[in-house]
Structures are given as structure tokens and as C-alpha cells.
1. Would you confirm whether any residue within the stretch 214-235 is hydroxyl-bearing (Ser, Thr, Tyr), touching a residue at least 24 places away in the same chain (Cβ under 8 Å) and surrounded by fewer than 22 Cβ atoms within 10 Å (Cβ to Cβ)?
2. Is one or more of the residues making up the stretch 610-623 buried (at least 16 other Cβ atoms within 10 Å of the Cβ) and at pLDDT 90 or above?
3. Collect the residues in the stretch 668-712 that are without any contact (Cβ under 8 Å) to a residue 60 or more places away in the chain, among the β-branched types (Val, Ile, Thr) and under 23 Å from LEU741 (Cα atoms), keeping them in residue-number order.
4. Is there any pair with a first residue in the stretch 249-265 that is without any contact (Cβ under 8 Å) to a residue 24 or more places away in the chain and under 24 Å from PHE805 (Cβ atoms) and a second that is among the polar types (S, T, N, Q) and assigned to a loop (DSSP other than H, G, I, E, B) whose Cβ atoms are under 9 Å apart and which are 6 or more apart or on different chains, and what are they?
5. Which one is most open to solvent (accessible area, probe 1.4 Å) among residues in the stretch 698-737 that are in contact with a helix residue (DSSP H, G or I) (Cβ under 6 Å, 6 or more places away or on another chain) and modelled with pLDDT of 80 or more?
6. Mind checking which residues of the stretch 67-97 are of a type in the set (Lys, Arg) and either outside any strand (DSSP E or B) or out of contact with any strand residue (DSSP E or B) (no Cβ under 6 Å at 6 or more places or on another chain) (or both)?
7. For LYS526, indicate whether it is more than 27 Å from LEU69 (Cβ to Cβ) and open to solvent by 30 Å² or more (accessible area, probe 1.4 Å).
8. Would you confirm whether any residue within the stretch 166-183 is of a type outside the set (Lys, Arg), in contact with a strand residue (DSSP E or B) (Cβ under 8 Å, 6 or more places away or on another chain), farther than 22 Å from LYS687 by Cβ and at pLDDT 90 or above?
Amino acid sequence: MRRLEPFIMGVALLLIAQSVIFSQPSDKTTIKGYVLDKKTGETLPYANVTIPGSNLGTSSNQQGYFVLLNVSVGPCTLRVHYIGYNKADVALAVKKNMPPLKIKMQPIVLEGDEVTITAESYETVQVAKGISELKISPRGISKLPSVGEVDIFRSLQLLPGISAANDGSSGLYIRGGTPEQNLALFDGMTIYNVDHFFGFISAFNADAVKDVRVFKGGFPAKYGGRTSGVVELTGKSGSYDDFHAAGNINLLSGSGVVQVPLKGKGSWLTTFRRSYVDFLNSGLYDKIYDAVSGANNGTDEQTTSDVGGRGPGGRDFQQELIMPDFYYYDLNSKLTYSHTPNDVFSVSLYRGRDFLDESQYLGQRTLGPMGGGGEVDASINDLTEWGNTGLSVKYAKVWSDRFISSFLGSFSRYNSQSATSRAFRGGDENTIRGGFSSNEENNVEDTTYRMDNELHLSASHKLEFGLGLTKIATMLDFTANDTLSILNRKDNADQFAFYFQDEFKPSTLLNLTVGARVVDYNLTGKKYLEPRASINLKLTDKIDFKGAWGHYHQFINRIVNENVLEGNRDFWLLSDESLDPGFSEHFILGTSYENSNYLFSAEAYFKNMDGVTEFSQRFRRSPDTEPEDLFFTGTGISKGLEFLAQKKHGRFNGWLSYTLSKVDYDIEVFNEGEPYPADHDRTHEFKSVGSYSWNDWTFAATWVYASGAPYTAPESQYSIELLDGSERSYIHVSDKNANRLPNYHRLDLSATRGFSTENIRYELGLSVFNLYNHDNVWYREYVLDTSPIIVRDVTTLGFTPSINFKISMK
């Protein structure tokens, strides 16, 4: 803190000096106000507000408040854009001391013969003016194909630079980063678990979400603690005046939402969602289960070189498929109260939980030579549960036209537990011929206190600054065979941060943003400076040039636990003096062409990464090896090109995107010190998204193609006789990620029909996931103790139809 005091004092003096320098001329005034949904009265965050023909422009903050300075007195037009809503042009007679405006936005409607789309609107996706920033509309994505649910994160995966080729996770692999390297914020609270249902469904119920903003890189100084991207979700607050209720049911889950007004001063919104297939299996669900589990396919295939060759003793590989059993639920509840329009108090609660069973009975098998041979009953038990609980309390205050503050306190707890075992029983059920078991538990508790401020000095200068304190506690307990402790670790850390950023618009053509973030982290006893800068140069009224550069650190890391037999797992740990914080340096350049109907953009990025860490037991040379010696750290690079072509609105709208990328890690102990592809490296990704509205119907289709993911395969197993006469078995593996899974591709279709009565709105949707039933392999598992060796291809969903029905009050 003492070292930060001169920096803080310097910022304070700068604010005072600039307040004087940029005082408002006498013939100018200020326009301020709120952007609202015309139907519900709910505020709309991050709307674009401009005065055409001038260099005056801004965006509303998270509370929907905006301010424009140095506006000339007299007539003018105020133009407002917000994704999923028609553009609003408001004619004003500007005068001194105007009261706050209320700009009411009309949602886009495209049903039957009613067409209310205006030019320059954005229906589903909006590429923001800032570098690598995207916005999506939860309303807009509701018509896209899905596995029964409107899925925010899976919709984001259809954008360039965000991988869509991992059905096993709705987490976001952004520009070579992994999901844990993204800061996921829901109403200010950090969410560590972002998916349900084995990764197929995101953990965020779209009925509870009002706005989604994504930074793929080069993000502002306000955000920190992650090295790849930011996903900021703002929860719905509900109408202050009208009661509303809705329900939704599909082949996986049911959900409901209730909004209760609080006498025009606030609202209380609650949503709940739970899957039900664990206790109710319909005939259609049974068909889905058979398709996914491979029950209609021959699974006893003999495979050799394509999955790593022949095993010890010349044993062949035998392919097996697996389908997990599961259930999940989530709850959102938000209370919002406004004593005055300038004072907003809110409390937001989130809880989500998953229960997953990947157990499988393998039947009669023959043990391999190391197991002594003979017939045994083989079974695998694999149970996992995980979830996140979060609570945030926020107070937002408009002190004056130019100065706005928000104060946030949040708590988030992530917990994951898993138990895995293999058992081989011979003779009778009480005779165990062999086996293995492991247990893992991982907890993260995050308590954050934060203050954020905006100070509008002039029409060309907006300052943002703030500070925060985050206290994090982690616990990891990893044991094998009930008694062998692989890793047991508990840590606590304090992280204090201060940031400052100046957005400067010297002309209508140029926008410069310069800032820095300073972090004091107690477990290393160091302070970390993170400079940030970005530029937006308007070459013409339709062509922009963009660039960004910045430093980013991450102090809590999700470490990969390499397991070539069962697929990699991971766990959360804090950085300290022995485990370096993650680091990334972003370089981004881009350009875009946009008119009222179309957008074409291209961006190139390069990221240097340090502190890339894996945990691997294949280097355990003896039972006495310390767990700390099994952490291996290195460097990495990620680079790529992204292209996007979008038709923004109309009866037909959608986009095409292509990403060429490369992600290499360099950890000395792996691959003889040579760089190797990261687990999530995908050379090519192509995505096509289209939506067409006809009468009361909306038809949509998505197609995804991606290069296969790399993986490491075991090639043989052998044993060594120790000095005491006992034997210890070892597994010889291929070079790190030297193999590739088959290329990934799938086609999804959907059809949605809306109809309504005087007071009730109905919506019926049909989706087909993976229309042509392509077998996309998620990862491979190996059982080396049997003869032939078992290789289990864990595949994602095949051909899967789903039906969704929603009913809501108008």
C-alpha cells in the first residue's frame, strides 16, 4: 500500500487538474439519462449513444446510465443502439439544465406480417467498436439450435476465435486460452464453474440474463486476474411495475421464472432450472440414450495403430463406448431496489450443482499377464459432483452528471468431488484380483470487495478508476487406493488491485485508451504492473482500424492433471513462490468494414504465455516423490487469424467465420524439451450460422468444422522387479500430444413457432443436434490390465432431436 500511495496521489492530482482544464464552455450543456426497455422498463447496459455528425458518443454503464458532455444548445438528434432492439432516433431541443432523459428501446419483432426492424439494428451478435469485443442478445440466440436449452455459452462458441469443437464443455476456449483463463462474472461475482450436463449446457439460465459482453483479448484495465478473456453477464432485474411469470420444458429439464414488482421502486426476480432425466426416461429419451451410448453400433472392434499400437504381450486394443448418467440444477434470484433513479441497490444469488455418473460394467474379461491372467468381472466406477454458489451485493450511485460510482461485495464458492475406481473380481464377488481407485476434492472460496468509478471530464475524456480486494482460499486433496496421498494442499491469498484508465477522443476519427492495473499479491510478496493500451482509427465512415496491447497476470490457476488412461482432469490452485502466476502479453491488430446491413472484420493476434503448468504422475520415480516435484512449468505461444462476415438483421440473418490458429506449449520435461501442441489446439475452425423468419416460424441452422484435437496415447506397459523382490509397473507413452483425434464436424437445425392469445405468449421449438449423426470423439480411455487392452472412445452426442415448449405472460 505504501508503494501505491504516490501512484494514487498522482491520479487524484491529475483528476483535479483535468477537471479545471476541460471545463464546459458556456454555450454547451450536458445530456444525461437512462436507456430502458420500452415494454418492461428495465435498464439496458452498454447501449451505444451518439449524436450523428459529431464526435460525441458514449455508452451506458451497467445501470443503463449515460452522459454526453459539451453538447451544443439547440436542436439535435440522439441515436441509440442496443443489440436485439431497433435503433432509436430521438429529436431533442437541447437546453441548459435538462432533466435526465428516459430513452425507451423497442425490441426487434419479426413474426407473421409484423416487421419492425430498422436499419443499423443488430439482432443476435454485435461486434463492438472496441478491439476484440462482442455482444450477444439472449433474446436473439433463443432461436438457434440447441440441446433443448437456450444456451448462452454454446452460442458464443459459434463466434470466430472461440472454439466450438469441444462438446464436452460449454466453457470458452478463447484464442488459445483455456476456460479457467477467462474471467466469468455474473452480476459482479466470479463464477468458477460455467457448465452443466457433462459440459453440454452452460450453467447460466438465459431467462435470468439481460446482457452478455465478451472480450476476446486486450480487455480494459478494469478487469484483471485472468490471462485470456472476459465474459461479463448482467442479470435481469425485472419490471418495476408489472408481475410476470414464465415456464419452459424440454427433453432435458424444466425451468420457471417469476418477476415481482416492488411498488414501482424495485423488483424481485427468481429463476429455477432442473434436469429430470435421472428419474423420468421417456421413450424419446431412451432413443437419445441409445444413440449417444453407441448401443446400436458394434463396440467390440479390434484396433491397433490408430489408437497407439499393440499393447504388452502383443495384446490388441478393444474399443468401448460410454454414456454418462447425470442431473443438474441452478437457481438465480435477484432483488433490485431504487430509492431514486440515481441510487440503485441490488442483491444477486446464484447456485448451480451437477451430479455425474460415468460408471460402467464391462462384463467378463481376461486379465493381462501382469494381472496374473484368468477370467474376471471388470467394472469401472466414476462419480463426480461439482458446482458453484455465489452472492453479490451492489450499490450504484450517480453523484453528479459527470461522476458515477459503484460498490460491490461478492462471495463465490466452487466445489468439486470425484471418486474413480476399477475393480477386477474373480471366483466370487468378494475376491478382488486387481484394481485401482482415486479420490479428488477441490474447493475455491472467493471473497471480493470492489469500488469502480467513472469521471467524465469532457466530451473527449472519460476516466475510469477503482480498487479492489480479493481474498481466495483453495483446498485440494488427491488420494489413490484410499491411503496413498498424491497431493494435499491448502492455501490462502490476498490480492489488492488498483486500476486507472483514460479513454481519449481527440477527433471524430481517433479513439485512444491508455490505462494500467497494479496488483499486490501476498503469496509472492510482489507487485505486478499491467499496462494496457488500445486504438480505434476510423479510416472512413465505414472502415475502422483497431489495435491493442497489454499485460495480464493470473494468480489462481486450473492445473491440468495429465492422465493418459482416463483423460486429463484439472483442479484449482493458488500461485505462490513455488508455482508462478500465469502471465500473458497480448498483441492484436484488426480492421472492419460495416454498413447498415453487413459487417466484415478480420483480426490477427499473438500471445506470449508464461507460467503454463501441468501436474503429471508419470514422472513419479518412487513412492517418496514429493507432490510439489510433479508440477512442471513452462511457456507457450498462441497466434491466429480470424475472419467474420455477418448479415446483421432482416428476415434472413447470420454469419460465416473462419479461424486459423496455433497453440504450442514448451514444458521442458515433456517431448524432450521441444514445443508441442496444447490439448485444445485446433488448426482450422469454420462456422456457419443462419436464421430465416417466415410468417410465425423461424428456421435456423449451424454447421461447425474443426481440426482434430491432439492427445497422448499409452504405447506399452512393463514392470520392473525392485530390490525387495516386488514388482512396479510402468506405462510407456507416445510423445506429448503426438496423436490427433479425428476431425470434428456437425450440422444442427432448429424450427421455432410463436403464437399468442390476449395475455399469454407460447413458443414451440424443435432442434436437431448433429443431424447426420457424426461420431465426434471427445477423448480416449485405456484399460491396460485386460487382454485385449480396452480403448474406450468417449464420444459426444450423435443425432439428437429435442423439443422445447415455453409459456409466458405478455
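The values are calculated or read from the model by the stated rules, or taken from the named source; none is laboratory data. As the structure is a computational prediction, the values presented were derived from the model and not from experiment. Heads up, the Cβs are rebuilt from the backbone with ideal geometry, glycines too, and the neighbour counts pull from every protein chain shown. Areas reflect the complete protein model, heavy atoms only, side chains present, ligands, DNA and RNA absent. Shrake-Rupley method; radii C 1.70, N 1.55, O 1.52, S 1.80 Å.
1. Yes, there is a match, as at least one residue in the stretch 214-235 is hydroxyl-bearing (Ser, Thr, Tyr), touching a residue at least 24 places away in the same chain (Cβ under 8 Å) and surrounded by fewer than 22 Cβ atoms within 10 Å (Cβ to Cβ).
2. There is at least one residue in the stretch 610-623 that is buried (at least 16 other Cβ atoms within 10 Å of the Cβ) and at pLDDT 90 or above.
3. Answer for the stretch 668-712, where residues must be without any contact (Cβ under 8 Å) to a residue 60 or more places away in the chain, among the β-branched types (Val, Ile, Thr) and under 23 Å from LEU741 (Cα atoms): just THR683.
4. Once the first residue is without any contact (Cβ under 8 Å) to a residue 24 or more places away in the chain and under 24 Å from PHE805 (Cβ atoms) and sits in the stretch 249-265, its partners that are among the polar types (S, T, N, Q) and assigned to a loop (DSSP other than H, G, I, E, B) give GLN259/THR40; GLN259/SER237; GLN259/SER239.
5. Checked the stretch 698-737; the qualifying residue most open to solvent (accessible area, probe 1.4 Å) is ASP735.
6. Of everything in the stretch 67-97, those that are of a type in the set (Lys, Arg) and either outside any strand (DSSP E or B) or out of contact with any strand residue (DSSP E or B) (no Cβ under 6 Å at 6 or more places or on another chain) (or both) turn out to be LYS87, LYS95, LYS96.
7. So LYS526 passes the test.
8. Checked the stretch 166-183: at least one residue is of a type outside the set (Lys, Arg), in contact with a strand residue (DSSP E or B) (Cβ under 8 Å, 6 or more places away or on another chain), farther than 22 Å from LYS687 by Cβ and at pLDDT 90 or above.
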